[in-house]
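Note sheet for the following structure.
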Amino acid sequence: ARAEVAAVAAAQAAACLSGVVSSVGATSVSEMVAAVAHEEGGARFDAGPQQLAESLTRDPTDGFGLELHRDEQGRPAIAAVSGAARRSALRAGDRIISVGGQPTARHEEALAAIRASGDDLLLLVLRDPEARPVVAQGLGLDAAGGDLQDMEL
């Protein structure tokens, strides 16, 4: 699974970098960096929504290091990262599209899939710079261990 994730991530990075290089009229990454460095007011790349694949291994004490919340449409979103997730490309605000190759349109589906994933987790997320931030609210679990609003995994 890690080799598949690495291949997908490499292809995504190459496609993204190629688009950025050509968008500034450069023929290489070094030309792009030089062009951006000389722009008045600095550079800002608004690539729009991007899909990212990431693989995590569960830490025996800290889990995957993900805190999940519902976004404004009830979709699963990452509110905070720690531990294993902090060492990955995942960021707060990423919306979870699939877990282990299975689509997860609802928060509850993502929680169930992550809990059932074992020690290795493959996530596909959507990173949208225009999306509203997901705020960690710290509501936690009810007495029976059920999800109230968020979940640390």
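Please work out which residue is modelled with the highest pLDDT, limiting yourself to region 98-112 and to residues that are touching a Pro at 6+ places or on another chain (Cβ under 6 Å) and under 18 Å from Gly65 (Cα atoms).
The initial filter retains those residues of region 98-112 that are touching a Pro at 6+ places or on another chain (Cβ under 6 Å), namely 104, 107, 110.
If we keep only those that are under 18 Å from Gly65 (Cα atoms) as well, we get 107, 110.
On the way: His107: 90, Ala110: 93.
Residue satisfying both the conditions and the ranking: Ala110.
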Q. What tally of residues in region 63-82 results from selecting those that are open to solvent by 10 Å² or more (accessible area, probe 1.4 Å) and under 14 Å from Leu121 (Cα atoms)?
A. 1
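Just checking, which of Arg70, Arg86, Arg95, Arg58 is at pLDDT 85 or above, under 30 Å from Ala116 (Cβ atoms), in contact with a His (Cβ under 7 Å, 6 or more places away or on another chain) and among the charged types (D, E, K, R)?
Criteria check complete, one pass: Arg70.
The values are calculated or read from the model by the stated rules, or taken from the named source; none is laboratory data. Because the structure is predicted, anything quoted here is derived from the model rather than measured. Backbone-built Cβ (ideal geometry, glycine too); neighbour counts: all protein chains shown. To get the accessible areas, we keep the full protein, side chains included, count just its heavy atoms, and leave off ligands, DNA and RNA. Shrake-Rupley method; radii C 1.70, N 1.55, O 1.52, S 1.80 Å.
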